[in-house]
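The values are calculated or read from the model by the stated rules, or taken from the named source; none is laboratory data. Given the structure is predicted, the values throughout are model-derived calculations rather than measurements. For neighbour counting, all protein chains shown are included, and Cβ atoms are generated from backbone atoms with ideal geometry for every residue, glycine included.
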Amino acid sequence: MLNHSKPEDWKKTVDAFFHTLSLCGLGALLLDQDNHVLRVNAAGGTLLQGGGIRAGKELPASLTGLLDSAAEPPFCRVKYNLYITRKPVKAQELPAVPDNMRIIVFRDASVDYRCAILEEVVSRLNEGVVISDEESCMYYCNSAAARMDSIIAENVLGERVEDVYRMFDGSECPLPRAIRERQPSLSYRQKYATRHGKNVDAIANTWPVLRGSKVLGAFNVLEDWSAISDLHKQIIDLQEKLVSQKQRKRTPSKSALSARYTFSDIIYTSRKMENLIAQCRQVARTDSSVIIYGETGTGKELFAQSIHNASPRADGPFLAINCAALPENLLESLLFGSVKGAYTGAENRAGLFEQANHGTLLLDEINSMNISLQAKLLRVLQEGTVRRVGGTEEKPVDVRVLSCTNVPPQQAVNEGKMRRDLFYRLGVVSINIPSLRDRKEDIPILVNYFIEACNMTMSRTVRGIDPFTLNIFQSYSWPGNVRELQHAIEHAMNILPDHFDTIAPEYIPQDILSEEDMLLLPDPETENPDFSGPVHDSLQGRLQNVERDTLIRVLEENKGNISRSARVLQMSRQNLQYRIKRYGIDVTRFK
């Protein structure tokens with residue numbers, strides 16, 4: 001118990017403190033060790049509106065969230081449209097009370113609750129939502145808009161809209177116009193480019209936000225026109241398929257021969273990718289053959305499909321075949337077709353060159369094709385005609401050939417895996433897709449994209465990765481490139497506990513972690529002694545030493561209280577606890 005000159009001194013101090021809180025609109029409760037209510041101030045009684053709060057009675061179950069000392073305590077529902085939450089107060093700011101009592105301060109959180117709900121709803125919309133304030137500065141950008149524009153929201157918030165977006169027709173951006181004119185613009189087609197060079201074609205609706213005579217800002221709701229266009233194409237394809245079935249045609253429908261991806265599906269922010277896509281858009285306008293080189297997982301077929309869809313042949317078929325996946329005789333008949341009797345089981349069948357007529361044919365892993373078959377392919381490319389296996393008739397074909405290789409083309413030629421004359425025919429234009437380790441500035445936006453995709457398919461609400469995980473990703477060489485990054489995120493999302501909303505290093509594949517990273521992971525099977533030695537003498541190690549020393553100092557100042565320390569460090573309890581485990585800090589010695 002406290003030592004006071006008079007037994008009632010602490011009560012007078014509490015009364016004065018409670019009165020001051022009431023003047024500030026803050027509620028306060030005095031509870032005993034069994035959570036029975038001993039006193040409630042005037043503002044608290046108003047906020048709780050009765051709520052079953054009675055002196056001597058236990059705190060109702062609906063309000064036990066007020067006991068949570070987390071950095072972000074939960075909302076407690078008092079009644080419809082009225083919510084409260086605990087207000088963190090430093091221990092030294094509270095009046096001294098007997099050891100078997102404690103004071104809980106709380107506030108009206110109805111607006112916070114509404115904002116949290118609405119922000120979560122808007123963040124899950126398929127339509128892009130961009131909000132600006134009255135000065136036309138970016139205020140909010142939801143996940144769909146960030147994905148559509150290939151931007152990271154945190155990097156553009158606070159900047160002027162005109163510095164982020166540029167209209168193709170040179171007109172004024174719709175958000176500033178809506179603020180100036182105080183009028184909405186509905187269902188109009190909007191073509192613009194972001195400052196990262198991403199071109200977007202969207203259907204937009206823009207509204208000003210008015211409060212009386214005051215304009216608070218404006219917001220834009222966008223729907224990707226390319227997605228609408230794809231739906232239109234699917235409808236047309238289905239109609240064609242139905243017609244072909246009625247007419248009993250045996251030729252495949254266009255929907256079976258189409259390319260799915262366009263340049264707008266490529267996620268990037270790096271200058272390398274911006275320049276590469278600009279080059280590919282230029283190449284797409286012609287009929288020249290293109291050879292695409294990139295390591296495994298860089299997205300070679302994604303680029304090939306995008307080139308086709310941006311070309312004059314976009315309405316024609318797109319066919320792809322992996323030359324490494326089939327034996328020579330089967331690959332030959334698939335490419336050039338066959339006539340009945342040419343070999344056992346052969347039928348009159350059109351090959352891929354005939355099926356891709358007036359369209360595009362992609363030959364993946366062309367360096368794996370047999371040299372003798374490469375000679376036959378070269379003849380088709382030079383003469384523009386194809387002869388089926390076992391046949392004598394030459395059929396003219398009009399096909400643009402794209403090819404992919406996972407080794408440098410010149411290396412394949414030097415090693416005898418590709419004919420030099422075939423390389424010159426296929427490689428009129430050479431495209432080199434950079435590896436992920438050469439464009440690491442794209443990792444954050446790719447991570448966000450894959451997390452959002454997994455959130456949709458797994459019904460999760462993961463918001464991102466913590467800084468340690470991002471550092472690991474930035475230090476890793478990514479031999480599997482973007483595909484490996486996608487699998488790493490999917491792996492983490494599968495094993496991440498349901499109540500976690502951030503991916504930490506212990507949930508990513510261990511083969512991504514270095515030996516130093518593995519040593520810093522928390523070990524659930526052993527207790528963590530106070531880690532007082534240096535982490536490493538490298539630059540990153542020195543930074544980690546500074547971070548560890550800072551954690552120890554703040555924990556010591558707050559006597560090992562996790563919640564207070566987290567507030568001082570401006571991080572979540574979960575984040576702080578992870579770092580405590582990471583550095584093996586023994587918190588009990590500070591209490």
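Considering only the range 130-175, state which residues are touching a residue at least 60 places away in the same chain (Cβ under 8 Å) and of a type in the set (Lys, Arg). 147 - this is the single residue of the range 130-175 that is touching a residue at least 60 places away in the same chain (Cβ under 8 Å) and of a type in the set (Lys, Arg). The set of residues in the range 443-495 that are modelled with pLDDT under 95, acidic (Asp, Glu) and under 12 Å from the mean Cα position of the chain (by Cα) contains only 452. With a requirement of 3 or more residues that are crowded, with 22+ Cβ neighbours inside 10 Å and out of contact with any Lys or Arg (no Cβ under 7 Å at 6 or more places or on another chain), the strands (runs of 3 or more DSSP E) lying completely within the range 388-437 that satisfy it span 399-405. Of the residues making up the range 556-585, those that are among the β-branched types (Val, Ile, Thr) and outside any loop (DSSP other than H, G, I, E, B) are 562, 568, 580.
Tell me, yes or no, whether the range 362-370 has at least one residue that is surrounded by 16 or more Cβ atoms within 10 Å (Cβ to Cβ), among the hydroxyl-bearing types (Ser, Thr, Tyr) and on the phi < 0 side of the Ramachandran plot. Within the range 362-370, one or more residues are surrounded by 16 or more Cβ atoms within 10 Å (Cβ to Cβ), among the hydroxyl-bearing types (Ser, Thr, Tyr) and on the phi < 0 side of the Ramachandran plot. Considering the range 304-337, and only residues there that are touching a residue at least 60 places away in the same chain (Cβ under 8 Å) and out of contact with any strand residue (DSSP E or B) (no Cβ under 6 Å at 6 or more places or on another chain), the residue that is farthest from residue 481 (Cα to Cα) turns out to be 311.
The listed residues are 489, 472, and the only one of them that is assigned to a helix (DSSP H, G or I), of a type outside the set (Asp, Glu) and in contact with an Asp or Glu (Cβ under 7 Å, 6 or more places away or on another chain) turns out to be 472.
Of everything in the range 25-55, what is assigned to a loop (DSSP other than H, G, I, E, B) and either surrounded by 14 or more Cβ atoms within 10 Å (Cβ to Cβ) or of a type in the set (D, E, K, R) (or both)? Give them in sequence order. 26, 34, 35, 41, 51, 53, 54, listed by residue number. Looking at the range 107-197, what helices (runs of 4 or more DSSP H) fall wholly within it and have at least 3 residues that are within 26 Å of the chain's Cα centre (by Cα)? Answer list for the range 107-197: 110-123, 143-149, 153-156, 161-164.
Only a single criterion out of (1) in contact (Cβ under 8 Å) with a residue 24 or more places away in the chain; (2) part of a helix (DSSP H, G or I) is not satisfied by residue 62, namely (1). Being assigned by TED's automatic domain parsing to the domain that holds residue 275 and not in a strand (DSSP E or B) is a property that holds for residue 378. Looking only at the range 271-293, residues that are of a type in the set (Gly, Ala, Ser) and touching a strand residue (DSSP E or B) at 6+ places or on another chain (Cβ under 7 Å) come to 2 in all.
For the range 45-56, the criterion of being at pLDDT below 90 and farther than 22 Å from residue 108 by Cβ is satisfied by at least one residue.
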